[in-house]
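The values are calculated or read from the model by the stated rules, or taken from the named source; none is laboratory data. The model shown is predicted, which means the values in this text are computed figures rather than measured ones. Counting neighbours? That spans all protein chains shown, and the Cβs are built from the backbone with ideal geometry, glycine included. These area figures cover heavy atoms from the full protein model, side chains too; ligands, DNA and RNA do not enter into them. Shrake-Rupley method; radii C 1.70, N 1.55, O 1.52, S 1.80 Å.
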Amino acid sequence: MTRLVSDVMFALTTKRRKLGDASGRWADLLDFSTSNGVWSDANLGHRGKTFAVLAWALQDYNRPITYVPYWYDDYDFDSLAKKDSLPIPHNFSLVRSLGSVSGAPSDVVAILAGSFVRPFRIKSSGYLPDGFISHHADKGNDAALNAYGFAWLETNVKVASIVRGTVRGDSLPDAWFQTAAQYLTYTYSKVCFRGHLDFAFVGRSYSSDRLHAFWDASIVPVAATLASDFSARLPGPLLGRVTAVRDAAAGPSPNPAGNTAFWVSNAMVHRAAAGWYMSVRMRSRRAHGNENFDKINKCWHCGSGFLQARVHGDEYDQIRARMDWRALPGVTEEWRRDAMPETKGDMEGAGGNTFAAVASDGELGVAAFENSQHEAETMSYAAAASSNGYFFQSFGAVALGAGVRRVGAGEGAGRSIVTTLDQARWRGNITLQVGAAGAREVIAFDVASGCSRTVSIAAGEVAWLHQGSVGYVVKAPAVAGVSLELRCAGDVDASDPEMRDDAEWGEDRRWDAGSEFYGSDVVFIAALHHGPNPANATYQYAVLPGTTAAADAARQAFALFLPDATNVVRNDQGAQAVVVTGGADGPVVQAAMFEAGAVTLPLGGALGTVLLEASGPCVIQARPKAAHWVFSVAQGDADGSVAYLDVSLNVTGVLTPGSYAYELPGIDTGIAAVDDVQVSESGGRTLLRFGLPHDADAAAYGNRAELFYGAPVTLQVPTVATTTTAATTTTTAVTTTTTTTAATTTTTASPPRPPIDEPPLPPVPCSSAAAASSWSPAAPIVGFCLLMRLVAQGA
């Protein structure tokens, strides 16, 4: 019976507990530098509930959770090593956090005590340094921020709450509680908007009809438990963030402005204080889109450059029942009409591309990837490939595409490859205007009539589209026109007819003609057509959240793609680059370099035109300011063999030469990188050598360097000192010579980083007996809560 419990209930099968297998579910269990031991994944979220129910069912707190001897650290692995000639380390333990046999309740606490797993490598389950939580990762890291991931965090907090004030509960280290609070406040405050959880990041639960209430129903209760039960365990600033989350109904509130790069997960989130939200989800050989557990794999393209813009929060909520999932926002793909694959349990979203990168300075950011289907996919539903860039600015985002082409047969029947501008809730009149002098057409909000039409945009012409507080500016390629198709309501082909007709799915009141929710599931689609067989086509458009349909908004939109506003200086398969001028603190340069090369940047002013060169594939953001330039750079392929990236500018006398330290990005702040950035001048050029986390840094990063391959390197480089007089401001020119022996200025952000040595993370708490009653079955859990308190207090 106990072996059945071990193998089946706890999924500790013979294959999974095999020693010395580097391809195992939890890597090589014998290698402490790559594996965190068994159960080092989000299954602990629901497996922990099974542990708890079993402990209650045993009704004997002295009885262990299992009699399988190798679970415990007093099992004689030394004799096994001699018998089977296995290189088993002395004092090896299969379940890392589990000690000797001491009773089921103690076993449960001990197992959960090691559950906040920080992985050693990509394609691993765990709490990632970029802030995401990953679970099923054999094809690449996923983003399991609801199913699996959040349950993992929540269950831990509930159990810790049950045993607080006891000997065992109080033995959990402060770092354990701080990890729970960190991920709750850092990550979920960024991916929730007006109470909604972004479904691009929820893993298999992308069809959940409760995502609109996720903040209030899921985040706030965990924050309340941390604040009420464990305030003494949290440092003041972190506790302040936890209480702010607890008190923010339908939050986070106020909207936390800024840009965040989730580099391990190939994703970016961009938010404005004005009250809007954007996100993009990409894929590669390292990360994939949403896992699918639905009958129909509707989220096949959720990692294919899925670009969202939210103002009201519910833009992508109730419409999921009626969506055409073959045309997701931001995605370039064949607009098929055939049935989507029925691949339950698969993760067909893995990419065949290595290039996928994000760079951010915390305010603005750039994301780019080369979209291609992984050749190992068992059933491809993709027919197109392209190079795609997303350039996030204070006004929204510019989306560029190049090399749009057919690479697969697709459905056939002459289906066009399209780039979908948006597929969102249709909530009001649509405004459409082609050309600054063209007539403005207002399409009335009429569900019965719909909005279907196709308009032509001539070569080089600009069109303005507005719907639901979001504006879209489209500029046709200079060499060819493009057509824009609109579809609404009944003209949208729902990918999942069963979900569409299910009266039990979603907000019940959406079926009630007298309710404010009536019509909240009506769909609006806008898509650019590239034709059935485009020959390396391009596209260029901007998404402007929080705008109106008024004439002044339209005029500003038409001025957007002018050289003195938003200048798209490159858009091809070699590079994409945008220069935004006219800002309060100088131009913003954003570039996606899909290969080593150069781009010409018309920066204006004293800088004039600058040639920027990069030594390899990367994304670059540069923001020249008076006192310093802000750089954010990420290596495009996350290649650990690349130790540095060189970026050069054909100017001198602008940036101060020197050696500059930088901090690693992500959820853990204040950690200095091992490498630095060197700035020098030579031959009339300024060279910036960005030292990157790479293979040789493995030991310094506690064998976790792989997780920082491709992480953005962000820092400020001071400009050359300026001299100000009463009448003029003069920038002192720097004389460039072929020998760089001038004095070096070194800026040190923090002391050299010591090796990362993270202790096993402690178990998470349950909240209270009342909160635990939401678990299933409820009564056994409550009984277990009481039992654990008794045992922890006295045994």
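Quick notes on this structure:
- Extension gain for I671 to N650 (0.36 nm times residue separation, less C-alpha to C-alpha distance): 4.3 nm.
- Protection proxy ranking of 218-226, 662-670, 381-389 - average other beta-carbon atoms within 10 Å, highest first: 381-389, 218-226, 662-670
- Listed residue (P693, I667, Q678) projecting farthest to the positive dipole end of the stretch 662-719, Cβ model: Q678
- Distance (nanometres) between label positions extended 7 Å along Cα→Cβ at Y67 and A232: 4.1
- Dipole magnitude (debye, nearest 20) for the stretch 102-256, charges at Cβ of Lys, Arg, Asp, Glu: 180
- In terms of its C-alpha gyration tensor, the stretch 418-478 has a prolate overall shape, because the principal axis ratio a/c (a ≥ b ≥ c, square roots of the eigenvalues) is not below 1.5 and a/b outweighs b/c.
- Extension gain, D446 to E411: 0.36 nm times the residue separation minus the Cα-Cα distance gives 9.4 nm.
- Global geometry of the stretch 158-311, whether rounded, prolate or oblate, following the gyration tensor of its Cα atoms and the 1.5 cut on a/c: prolate
- Apolar share of the accessible surface for the stretch 46-176: 50 percent from carbon plus sulfur atoms, 1.4 Å probe.
- Inter-centroid distance (Cα atoms) of the stretch 271-350 relative to the stretch 695-721, Å: 31
- Phi-based couplings in Hz for the stretch 385-397 (Karplus 6.51, -1.76, 1.60; Gly and Pro marked x): 9, 5, 9, 10, x, 10, 10, 8, 10, 5, 8, x, 8
- Using a simple spin-label model with pseudo-atoms 7 Å out from Cα toward Cβ, V167 and A478 lie 7.8 nm apart.
- Here H90 and E613 are evaluated by their C-beta separation; at R0 = 45 Å the FRET efficiency comes out at 0.25.
- Along the stretch 242-247 the Karplus relation, 6.51 cos²θ - 1.76 cosθ + 1.60 evaluated at θ = phi - 60°, assigns HN-Hα couplings of 5, 5, 5, 5, 4, 8 Hz to successive residues, with x for each Gly and Pro.
- Number of Lys-Lys pairs in the chain with C-alpha atoms under 18 Å apart and a separation of 8 or more places or on different chains: 7.
- Length released on extending from A559 to A217, taking residue separation times 0.36 nm less the Cα-Cα span: 118.8 nm
- Here the simple spin-label model places points 7 Å from the Cα toward Cβ, and for F293 and E342 these points are separated by 2.0 nm.
- Cα long-axis angle, helix 104-113 against the chain (0 to 90 degrees, to the nearest 10): 20
- Solvent-accessible surface of the stretch 386-491, averaged per residue with a 1.4 angstrom probe and all protein chains in place: 34 square angstrom.
- Ordering of 484-497, 307-320, 229-242 by burial proxy (mean other Cβ atoms within 10 Å per residue, highest first): 307-320, 484-497, 229-242
- Shape call, the stretch 251-359: gyration tensor on alpha carbons, a/c limit 1.5: oblate
- Adding -39500 (n - 2.57) for every DSSP H run of four residues or longer, then dividing by how many residues the chain holds, sets the calculated 222 nm ellipticity at -4500 deg cm²/dmol.
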